[in-house]
Each structure stands twice: as C-alpha cells, then as structure tokens.
1. Just to be sure I understand, how many residues within region 248-297 are of a type in the set (D, E, K, R), in contact with a helix residue (DSSP H, G or I) (Cβ under 8 Å, 6 or more places away or on another chain) and free of Cβ contacts under 8 Å to residues at least 60 places away in the same chain?
2. Mind checking whether some residue in region 153-162 is under 14 Å from the mean Cα position of the chain (by Cα), farther than 17 Å from residue 189 by Cα and outside the structural domain of residue 71 (by TED's automatic domain parsing)?
3. Pairs please, first residue from region 194-205 and within 17 Å of residue 223 (Cβ to Cβ), second anywhere and among the basic types (Lys, Arg) and surrounded by 21 or more Cβ atoms within 10 Å (Cβ to Cβ), Cβ atoms under 6 Å, 6+ apart in sequence or on different chains.
4. Answer yes or no as to whether residue 260 is more than 20 Å from residue 9 (Cβ to Cβ) and either β-branched (Val, Ile, Thr) or out of contact with any Phe, Trp or Tyr (no Cβ under 9 Å at 6 or more places or on another chain) (or both).
5. In region 55-71, which residues are under 24 Å from the mean Cα position of the chain (by Cα), more than 13 Å from residue 286 (Cβ to Cβ) and crowded, with 18+ Cβ neighbours inside 10 Å?
Amino acid sequence: MTVNVLFAATENRWAEYEAPLRDAISAAGINAHITTDIAPDQVDYIVYAPNSKLQDFAPYTRAKAVLNLWAGVEAIVGNPTLHLPLCRMVDPALTQGMVEWVTGHILRLHLGMDAHIGAVPGTWTPQAPPLAFDTRISVLGLGTLGTACALALSALGFDVAGWSRSQKQIEGITCLSGAEGLDAALARADYCVLLLPKTPKTENTINARTLALMPKGARILNPGRGPLIDDAALRAALDAGHIDHATLDVFRVEPLPPDDPYWVHPQVTVTPHIASETRAAYSAKTVAENIRRGEAGDPFLHLVDRDAGY
C-alpha cells in the first residue's frame, strides 16, 4: 500500500526537504508518494508549514494528521477548519541549537566578554568574573527546549530554577509553577530565559510588574516568542538601569524593522531569529516516525493540546 504525503510549505522548503523526507520515510519502512500536489481526498498525511498557501483543511477528509515543520504552532492551532491531529516539530537538532544559543549568550554576559573584545588596546583591568555557582538563572517554560537548556546550564554549575504552567519534576532543577511560582522565579533571576509558547495567557509575561520583581542588574534572554515581552516596559526598565541587558532573538514583527529602537539600544543584543533552526536532515526523521506510528496505529509523537494551545 502506498501512503500519500502532501508537502505543504514554501517552494524553497520543498527543495530542501524533498530528498531527506524520501530517505527518512523509506528508512522507516513506508512506501510513500511524496509531492506538493495531491488531490485533497487522496492525502494521508500533510507535512506542513503555517506560511503555506494551504489554510483550508476541510477537503482533506482522508488525512490522518498534520505534521508541523515548526516548533511553534500558534499560527495554525486556532484554524477553525483543522480537525485533524496536529503534531509540533521536536527534533535533536532543534533542541541542540537552542541549548547552544542560550548557553553561549549567557556565558558571554556572565564572563563579561564584551568588555575584553571591545577594550581599548593597552587597557589592563584584571577583574575576575563571578562564578556560576553564585549565579541564579530562571528558565520560563519547561517543555523540550526549556528542560534541555535548564539541564545544560545546571551542568555548567549555575543555580537553575524553571517555571511552567503545570508542576514539573526535573532532577537538579528547582521547578516552580502557578502565579506565585512565576513571581518567585523572577525574583531570583539574575538571568531570565524565555522559552514559553505564544498563547493568550503568555503574552506580555514580561511586563512592568514582573520586571520590577527581578533583581537590579538582571539580564533577559528571549529566544522563545516576541509577544512574551511588553517591549515598552522592557525598554523603560533598561533605561532606568533596573535591567542590565536583554538579548533578543524573536520579535513581534520580523524581520525587525530598521527603525526599531532595539537595534541601537546600548543594552540590547539583537539576533535574527537564529536561536534554533529546523534542519531537514533531522526533522525529516521526526516526520517519518510519526507517519510510521500513524500507519501502525501507535500514538503520535508531540501531539498538540488544542486547549492549551501548544
């Protein structure tokens, strides 16, 4: 039996994914027809990016699942025509990329690297950086990416706490939850890493009230979602000296407009949404495994909770 797989993403993505998908699905023991053009009533699985032209899922009456190529699902989860199981993307490369970005930028700030890189030649200021043992980090969001980052930072010796909507148990990590837990996580955060999904409940998690809870001189890293931050409140906290630095990879509008104040703010580092990238060679294996599971009648991996929004 041949399984019909529709690839519904931008044209450049098809060029990137065609060979890896064919190889991964074949390696999973599935005989599949994979293309960008199949009659809707003949499609078994939809490999999907939310910026695809496909927005109406109603004609796909035979399909068993939509397999998202992005880690985030906020652009599709509320689609009223989508009544199929929806799986978000989780793969080792996506996780590893996020761990490397988060640990790299925290170590840059922690070690004061900028002062040495930009120092006037001949300047000799032998001031030792703090130790990780004495530095507290709070990771907001303990999904796959947040948990991996929290564990990596803990392994480096940092005092790490994590916050999530529901209580988690992670060895070596102080796990907090609920409204009081969020306040406690922020109150202890010399560094705050934002890895929450974008939902109506998480928008503006970082705002004037929550910024005021953080220790003076705290640093914020946002590789999660732009709307997690009230931008005006963050700029005010930076200007007032309460927040020392913000390293931002995601924004409400992307690409970040050339006239956005973040570009020129002396206490802000902008990176162009590169913290964690989906790489076809790895994500194709996640897609293939979910197709194998669907054909075998096994539960899908990384199934989205529609009520929670992620």
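The values are calculated or read from the model by the stated rules, or taken from the named source; none is laboratory data. Because the structure is a prediction, the values reported are computed rather than measured. Cβ placement follows ideal geometry from the backbone for every residue including glycine, while neighbour counts extend to all protein chains displayed.
1. 2
2. No, there is no match, as no residue in region 153-162 is under 14 Å from the mean Cα position of the chain (by Cα), farther than 17 Å from residue 189 by Cα and outside the structural domain of residue 71 (by TED's automatic domain parsing).
3. Listed by first residue and then by second, the contacts come to 198/225.
4. no
5. The one that is under 24 Å from the mean Cα position of the chain (by Cα), more than 13 Å from residue 286 (Cβ to Cβ) and crowded, with 18+ Cβ neighbours inside 10 Å: 66.
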